[in-house]
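Below: the structure, in structure tokens.
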Amino acid sequence: MSTLHIFLRSPSTATEMEEGLRFAQPGDGIVLAQDAVFALRTVEKEINTEASTRNLKFYALKPDMRARSIEATAPVQPIDYDDLIDLLGEYERTHS
């Protein structure tokens with residue numbers, strides 16, 4: 001069963017991302033929203049490792065990145081709210 005994990009808090013102030021990634025399975029999706037997009041600056045190396053070794057797909061909300069002057073690089077795919085709705089339908093479960 002594939003799961004879409006949605007993270008909202010900055011990795012520097014919360015452990016939700018670290019704990020959530022521990023439970024992620026190959027093929028799961030990870031959405032970075034709100035302050036979680038700061039992970040693109042602080043744990044970029046870990047994101048690249050998780051994406052390649054565990055086959056996790058990373059997404060980041062464009063409006064949240066734009067509000068924080070952050071840009072996504074591969075393997076993180078920038079998405080808008082319509083894309084998020086599509087992702088919610090593609091995955092069997094969600095966890096936030």
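Just so it is clear, none of the values below were taken in a lab; they were calculated from the coordinates. Values in this document were obtained by computation on a predicted structure and should not be read as measured data. Don't worry about glycine lacking a Cβ; one is built from the backbone with ideal geometry, like all the others, and counts go over all protein chains shown.
For Ile30, nonlocal amide neighbours, meaning residues 5 or more places apart or on other chains whose placed amide H falls under 5 Å from its own, are His5, Lys57, Phe58, Tyr59. Mind running the shape call on region 47-96? Use the C-alpha gyration tensor, a ≥ b ≥ c as the square roots of the eigenvalues: rounded below 1.5 for a/c, prolate if a/b tops b/c, oblate otherwise. Oblate is the answer for region 47-96, as a/c is 1.5 or above yet b/c matches or exceeds a/b. Once a ≥ b ≥ c are taken as the square roots of the eigenvalues of the Cα gyration tensor of region 12-96, is the result rounded (a/c under 1.5), prolate (a/b larger than b/c) or oblate (a/b not larger than b/c)? Verdict is rounded for region 12-96. Per residue, the chain reaches -11000 deg cm²/dmol at 222 nm when only DSSP H runs of four or more residues are counted, each adding -39500 (n - 2.57). With the charge dipole of the chain set up from +1 on Lys and Arg Cβ and -1 on Asp and Glu Cβ about the Cα centre, the Cα lying farthest toward the positive end among the listed residues Phe38, Thr3, Pro78 is that of Phe38.
Exposed loop GluC sites (Glu not before Pro) only (DSSP loop, at most 14 other Cβ atoms within 10 Å): please give the longest stretch of the chain free of them, not including the sites. The reported range is 1-70.
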